[in-house]
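**Student:** This is the structure I want to talk about, given as C-alpha coordinates.
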Amino acid sequence: MNAVFYIAAAVAVISTVMVITRLNAIHALLYLIVSLLAVAVIFFTLGAPFAAALEVITYAGAIMVLFVFAIMLLNLGPRSVAQESQWLSRKTWIGPALLALVLIGELAFMIARGSNLSPAADVVEPKQVGVALFGRYLLGVELASLLLLAGMVGAYHLGREWGVRERVSARTQERKSARSGE
Amino acid sequence: MASVPTEYGLLLAGALFVLGLIGVLVRRNIVFILMSLEIMLNAAGLAFVTAGARWAQADGQVMYLFILSMAAAEVAVGLALVLKLYHQFKTLDADAASRMHG
(Lines give C-alpha, C1' and ligand atoms only; values in the text may rest on other atoms or scores of the structure.)
Protein backbone atom coordinates (compact mmCIF):
# COMPACT_ATOMS: atom_id res chain seq x y z
CA MET A 1 0.00 0.00 0.00
CA ASN A 2 2.98 2.29 0.50
CA ALA A 3 3.47 2.02 -3.26
CA VAL A 4 0.67 4.59 -3.67
CA PHE A 5 2.74 7.06 -1.66
CA TYR A 6 5.94 6.39 -3.60
CA ILE A 7 4.28 6.65 -7.02
CA ALA A 8 2.50 9.88 -6.04
CA ALA A 9 5.79 11.24 -4.67
CA ALA A 10 7.54 10.42 -7.94
CA VAL A 11 4.76 12.14 -9.91
CA ALA A 12 5.04 15.20 -7.64
CA VAL A 13 8.81 15.49 -8.05
CA ILE A 14 8.75 14.90 -11.83
CA SER A 15 5.99 17.43 -12.44
CA THR A 16 7.69 19.99 -10.18
CA VAL A 17 10.93 19.60 -12.13
CA MET A 18 8.90 20.16 -15.30
CA VAL A 19 7.37 23.32 -13.78
CA ILE A 20 10.70 25.02 -13.18
CA THR A 21 12.14 24.00 -16.55
CA ARG A 22 9.25 24.97 -18.87
CA LEU A 23 9.55 28.07 -21.03
CA ASN A 24 5.83 28.65 -21.57
CA ALA A 25 3.91 29.78 -18.50
CA ILE A 26 0.75 27.83 -19.38
CA HIS A 27 2.74 24.59 -19.86
CA ALA A 28 4.30 25.14 -16.44
CA LEU A 29 0.86 25.77 -14.93
CA LEU A 30 -0.46 22.45 -16.28
CA TYR A 31 2.44 20.63 -14.62
CA LEU A 32 1.98 22.64 -11.43
CA ILE A 33 -1.66 21.52 -11.22
CA VAL A 34 -0.56 17.87 -11.60
CA SER A 35 2.06 18.42 -8.90
CA LEU A 36 -0.56 19.82 -6.51
CA LEU A 37 -2.92 16.89 -7.24
CA ALA A 38 -0.08 14.47 -6.50
CA VAL A 39 0.52 16.21 -3.17
CA ALA A 40 -3.22 15.84 -2.47
CA VAL A 41 -2.89 12.06 -3.00
CA ILE A 42 0.09 12.09 -0.62
CA PHE A 43 -1.98 13.91 2.01
CA PHE A 44 -4.61 11.21 1.65
CA THR A 45 -2.09 8.40 2.13
CA LEU A 46 -0.75 10.23 5.21
CA GLY A 47 -4.23 10.09 6.78
CA ALA A 48 -5.22 13.71 6.23
CA PRO A 49 -8.31 13.58 3.96
CA PHE A 50 -9.41 17.12 4.91
CA ALA A 51 -6.07 18.60 3.86
CA ALA A 52 -6.24 16.57 0.64
CA ALA A 53 -9.67 17.97 -0.22
CA LEU A 54 -8.52 21.51 0.57
CA GLU A 55 -5.44 21.03 -1.60
CA VAL A 56 -7.60 20.14 -4.60
CA ILE A 57 -10.28 22.80 -3.98
CA THR A 58 -8.15 25.76 -2.96
CA TYR A 59 -4.71 25.18 -4.47
CA ALA A 60 -5.45 23.27 -7.68
CA GLY A 61 -8.80 25.04 -8.00
CA ALA A 62 -8.86 28.64 -6.85
CA ILE A 63 -5.21 29.69 -6.82
CA MET A 64 -4.44 28.09 -10.18
CA VAL A 65 -7.51 29.76 -11.74
CA LEU A 66 -6.08 33.06 -10.47
CA PHE A 67 -2.78 32.27 -12.19
CA VAL A 68 -4.53 31.34 -15.44
CA PHE A 69 -6.51 34.59 -15.37
CA ALA A 70 -3.39 36.66 -14.78
CA ILE A 71 -1.49 34.95 -17.60
CA MET A 72 -4.43 35.35 -19.97
CA LEU A 73 -4.61 39.06 -19.06
CA LEU A 74 -0.93 39.42 -19.92
CA ASN A 75 -1.40 37.91 -23.38
CA LEU A 76 -3.81 40.38 -24.93
CA GLY A 77 -3.43 41.15 -28.61
CA PRO A 78 -3.28 39.39 -31.96
CA ARG A 79 -0.39 37.13 -31.09
CA SER A 80 -2.57 35.36 -28.52
CA VAL A 81 -4.40 33.59 -31.37
CA ALA A 82 -1.18 32.03 -32.63
CA GLN A 83 -0.33 31.03 -29.07
CA GLU A 84 -3.78 29.54 -28.59
CA SER A 85 -3.37 27.22 -31.58
CA GLN A 86 0.11 26.37 -30.37
CA TRP A 87 -1.18 25.47 -26.89
CA LEU A 88 -3.76 23.05 -28.23
CA SER A 89 -1.14 20.78 -29.80
CA ARG A 90 -0.64 17.31 -28.38
CA LYS A 91 2.89 18.09 -27.19
CA THR A 92 1.46 20.55 -24.68
CA TRP A 93 -1.02 18.41 -22.85
CA ILE A 94 0.30 14.85 -23.27
CA GLY A 95 2.84 15.10 -20.41
CA PRO A 96 0.49 16.44 -17.71
CA ALA A 97 -2.25 14.11 -18.97
CA LEU A 98 -0.03 11.04 -18.55
CA LEU A 99 1.03 12.07 -15.05
CA ALA A 100 -2.61 12.76 -14.14
CA LEU A 101 -3.54 9.32 -15.51
CA VAL A 102 -1.11 7.77 -13.03
CA LEU A 103 -2.92 9.59 -10.22
CA ILE A 104 -6.33 8.47 -11.56
CA GLY A 105 -5.01 4.88 -11.59
CA GLU A 106 -4.03 5.23 -7.94
CA LEU A 107 -7.47 6.62 -7.11
CA ALA A 108 -9.19 3.73 -8.90
CA PHE A 109 -6.94 1.27 -7.06
CA MET A 110 -7.80 2.73 -3.68
CA ILE A 111 -11.54 2.78 -4.44
CA ALA A 112 -11.43 -0.80 -5.74
CA ARG A 113 -9.66 -1.89 -2.57
CA GLY A 114 -12.79 -0.96 -0.67
CA SER A 115 -13.37 -0.89 3.08
CA ASN A 116 -10.46 1.01 4.62
CA LEU A 117 -9.89 3.79 2.11
CA SER A 118 -6.91 5.55 3.66
CA PRO A 119 -3.73 3.48 4.04
CA ALA A 120 -2.51 5.47 7.03
CA ALA A 121 -2.48 3.85 10.46
CA ASP A 122 -4.62 6.52 12.10
CA VAL A 123 -6.64 9.01 10.12
CA VAL A 124 -7.14 12.53 11.45
CA GLU A 125 -10.79 13.19 10.71
CA PRO A 126 -12.07 16.59 9.52
CA LYS A 127 -14.06 16.81 12.76
CA GLN A 128 -10.88 16.76 14.84
CA VAL A 129 -9.39 19.47 12.63
CA GLY A 130 -12.50 21.61 13.03
CA VAL A 131 -12.53 21.22 16.81
CA ALA A 132 -8.86 22.19 17.02
CA LEU A 133 -9.32 25.06 14.55
CA PHE A 134 -12.22 26.72 16.37
CA GLY A 135 -11.01 25.80 19.83
CA ARG A 136 -7.32 26.27 20.52
CA TYR A 137 -6.55 28.10 17.28
CA LEU A 138 -9.45 30.56 17.21
CA LEU A 139 -7.10 33.54 17.39
CA GLY A 140 -5.19 32.15 14.40
CA VAL A 141 -8.43 31.93 12.39
CA GLU A 142 -9.17 35.57 13.17
CA LEU A 143 -5.65 36.56 12.11
CA ALA A 144 -6.00 34.56 8.88
CA SER A 145 -9.27 36.35 8.11
CA LEU A 146 -7.55 39.69 8.70
CA LEU A 147 -4.75 38.62 6.37
CA LEU A 148 -7.23 37.64 3.65
CA LEU A 149 -9.02 40.98 4.02
CA ALA A 150 -5.70 42.80 3.74
CA GLY A 151 -4.83 40.74 0.66
CA MET A 152 -8.17 41.55 -0.95
CA VAL A 153 -7.86 45.29 -0.27
CA GLY A 154 -4.27 45.26 -1.49
CA ALA A 155 -5.12 43.42 -4.71
CA TYR A 156 -7.99 45.83 -5.38
CA HIS A 157 -5.78 48.82 -4.70
CA LEU A 158 -3.06 47.58 -7.05
CA GLY A 159 -5.46 46.48 -9.77
CA ARG A 160 -7.28 49.81 -9.88
CA GLU A 161 -6.87 52.12 -12.85
CA TRP A 162 -4.56 55.00 -11.93
CA GLY A 163 -4.11 58.52 -13.22
CA VAL A 164 -6.46 61.33 -14.15
CA ARG A 165 -9.87 60.71 -15.56
CA GLU A 166 -8.80 61.75 -19.08
CA ARG A 167 -6.20 59.02 -19.23
CA VAL A 168 -8.70 56.39 -18.12
CA SER A 169 -11.30 57.49 -20.66
CA ALA A 170 -8.61 57.61 -23.38
CA ARG A 171 -7.62 54.08 -22.50
CA THR A 172 -11.21 52.80 -22.65
CA GLN A 173 -11.63 54.60 -25.98
CA GLU A 174 -8.49 52.85 -27.19
CA ARG A 175 -9.84 49.49 -26.10
CA LYS A 176 -13.19 50.12 -27.76
CA SER A 177 -11.52 50.94 -31.06
CA ALA A 178 -9.27 47.88 -30.72
CA ARG A 179 -12.31 45.70 -30.12
CA SER A 180 -14.24 47.08 -33.08
CA GLY A 181 -11.12 46.67 -35.24
CA GLU A 182 -11.03 42.90 -34.69
CA MET B 1 -0.68 -2.48 7.45
CA ALA B 2 2.34 -0.24 7.84
CA SER B 3 1.88 3.45 7.15
CA VAL B 4 4.37 5.60 5.29
CA PRO B 5 7.54 6.40 7.29
CA THR B 6 7.66 10.01 8.46
CA GLU B 7 11.18 10.45 7.08
CA TYR B 8 10.04 9.87 3.52
CA GLY B 9 7.29 12.44 3.81
CA LEU B 10 9.75 14.99 5.18
CA LEU B 11 12.31 14.07 2.51
CA LEU B 12 9.71 14.65 -0.21
CA ALA B 13 8.78 17.99 1.37
CA GLY B 14 12.46 18.94 1.42
CA ALA B 15 12.94 17.91 -2.21
CA LEU B 16 9.91 19.93 -3.35
CA PHE B 17 11.08 22.92 -1.31
CA VAL B 18 14.55 22.79 -2.87
CA LEU B 19 13.03 22.53 -6.34
CA GLY B 20 10.94 25.63 -5.63
CA LEU B 21 14.00 27.44 -4.30
CA ILE B 22 15.94 26.56 -7.45
CA GLY B 23 13.04 27.92 -9.48
CA VAL B 24 13.08 31.21 -7.55
CA LEU B 25 16.84 31.57 -7.96
CA VAL B 26 17.14 30.51 -11.60
CA ARG B 27 14.10 31.94 -13.35
CA ARG B 28 13.84 35.63 -14.20
CA ASN B 29 10.25 35.63 -15.41
CA ILE B 30 8.25 36.97 -12.48
CA VAL B 31 5.29 34.62 -13.09
CA PHE B 32 7.63 31.65 -12.76
CA ILE B 33 9.07 33.11 -9.57
CA LEU B 34 5.54 33.31 -8.13
CA MET B 35 4.85 29.71 -9.17
CA SER B 36 8.07 28.55 -7.50
CA LEU B 37 7.02 30.40 -4.35
CA GLU B 38 3.76 28.45 -4.43
CA ILE B 39 5.74 25.22 -4.70
CA MET B 40 7.82 26.19 -1.67
CA LEU B 41 4.74 27.09 0.41
CA ASN B 42 3.11 23.83 -0.60
CA ALA B 43 6.21 21.89 0.46
CA ALA B 44 6.11 23.62 3.85
CA GLY B 45 2.48 22.60 4.21
CA LEU B 46 3.39 19.03 3.30
CA ALA B 47 6.01 19.00 6.05
CA PHE B 48 3.40 20.21 8.58
CA VAL B 49 0.83 17.60 7.52
CA THR B 50 3.48 14.85 7.65
CA ALA B 51 4.46 15.87 11.17
CA GLY B 52 0.80 16.01 12.20
CA ALA B 53 0.24 12.52 10.79
CA ARG B 54 3.26 11.24 12.74
CA TRP B 55 1.60 12.12 16.06
CA ALA B 56 -1.97 11.60 14.79
CA GLN B 57 -2.85 15.16 15.85
CA ALA B 58 -4.95 17.75 14.03
CA ASP B 59 -2.44 20.58 14.63
CA GLY B 60 -0.48 19.83 11.46
CA GLN B 61 -3.56 20.21 9.30
CA VAL B 62 -4.52 23.42 11.14
CA MET B 63 -1.10 24.87 10.31
CA TYR B 64 -1.56 23.71 6.72
CA LEU B 65 -4.85 25.65 6.61
CA PHE B 66 -3.07 28.81 7.76
CA ILE B 67 -0.37 28.33 5.15
CA LEU B 68 -3.08 27.85 2.53
CA SER B 69 -4.83 31.10 3.41
CA MET B 70 -1.50 32.92 3.46
CA ALA B 71 -0.64 31.53 0.01
CA ALA B 72 -4.02 32.70 -1.31
CA ALA B 73 -3.50 36.25 0.01
CA GLU B 74 0.09 36.29 -1.25
CA VAL B 75 -0.79 35.15 -4.75
CA ALA B 76 -3.64 37.68 -5.05
CA VAL B 77 -1.37 40.61 -4.19
CA GLY B 78 1.55 39.12 -6.17
CA LEU B 79 -0.43 38.70 -9.37
CA ALA B 80 -1.86 42.21 -9.04
CA LEU B 81 1.74 43.44 -8.77
CA VAL B 82 2.70 41.35 -11.83
CA LEU B 83 -0.07 42.98 -13.89
CA LYS B 84 1.03 46.41 -12.68
CA LEU B 85 4.65 45.65 -13.55
CA TYR B 86 3.67 44.47 -17.00
CA HIS B 87 1.64 47.60 -17.70
CA GLN B 88 4.48 49.81 -16.52
CA PHE B 89 7.51 48.10 -18.09
CA LYS B 90 5.88 45.99 -20.86
CA THR B 91 7.99 43.03 -19.72
CA LEU B 92 7.84 40.25 -17.13
CA ASP B 93 11.57 40.34 -16.43
CA ALA B 94 12.11 40.74 -12.69
CA ASP B 95 15.40 42.55 -13.31
CA ALA B 96 13.58 45.33 -15.18
CA ALA B 97 12.10 46.58 -11.91
CA SER B 98 15.35 46.58 -9.95
CA ARG B 99 15.50 50.34 -9.50
CA MET B 100 13.50 52.10 -6.80
CA HIS B 101 12.07 55.59 -7.14
CA GLY B 102 13.14 57.07 -3.84
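**Student:** Taking θ as phi - 60°, what are the ³J(HN,Hα) couplings along the range B:36-52 by the Karplus curve (6.51, -1.76, 1.60), each to the nearest whole Hz, with x for Gly and Pro?
**Tutor:** Values per residue, Gly and Pro as x: 5, 4, 4, 4, 5, 4, 5, 5, 4, x, 4, 4, 5, 5, 4, 5, x Hz.
**Student:** Please work out the average accessible area per residue across the protein assembly as shown, using the 1.4 Å probe convention, and give it in Å².
**Tutor:** 55
**Student:** In square angstrom, rounded to the nearest 10, how much accessible surface does A:L138 have for a 1.4 Å probe?
**Tutor:** 80
**Student:** In addition: From the protein chains alone at 1.4 Å, what is the descending order of accessible area for A:H157, B:H101, largest first?
**Tutor:** The ordering from most to least exposed comes out as B:H101, A:H157.
**Student:** Would you mind getting me the FRET efficiency between A:V141 and A:V65? Use the beta-carbon distance for r and R0 = 22 Å, nearest 0.05.
**Tutor:** That pair, A:V141 with A:V65, gives E of 0.35.
**Student:** Would you work out if the range B:1-92 is rounded, prolate or oblate? Take a ≥ b ≥ c from the square roots of the eigenvalues of the alpha-carbon gyration tensor; rounded if a/c is under 1.5, else prolate when a/b is larger than b/c, oblate otherwise.
**Tutor:** oblate
**Student:** Report, to the nearest whole %, how much of the accessible area of the protein assembly as shown belongs to carbon and sulfur atoms, 1.4 Å probe, protein only.
**Tutor:** 69
**Student:** Ok, one more. Specify the angular offset, from 0 to 90 degrees and rounded to the nearest 10, of the alpha carbon long axis of helix B:59-89 from the longest principal axis of the alpha carbons in chain B.
**Tutor:** Orientation of helix B:59-89: about 10 degrees from the principal axis.
**Student:** Quote the total accessible area buried by chains A and B together, excluding ligands, DNA and RNA, probe 1.4 Å, nearest 100 Å².
**Tutor:** 5100
The values are calculated or read from the model by the stated rules, or taken from the named source; none is laboratory data. Everything quoted here is computed from the prediction, not taken from an experiment. As a convention, Cβ positions derive from the backbone with ideal geometry for all residues, glycine included, and neighbour counts pool all protein chains shown. Note: areas computed on protein heavy atoms with side chains; ligands, DNA, RNA excluded. Shrake-Rupley method; radii C 1.70, N 1.55, O 1.52, S 1.80 Å.
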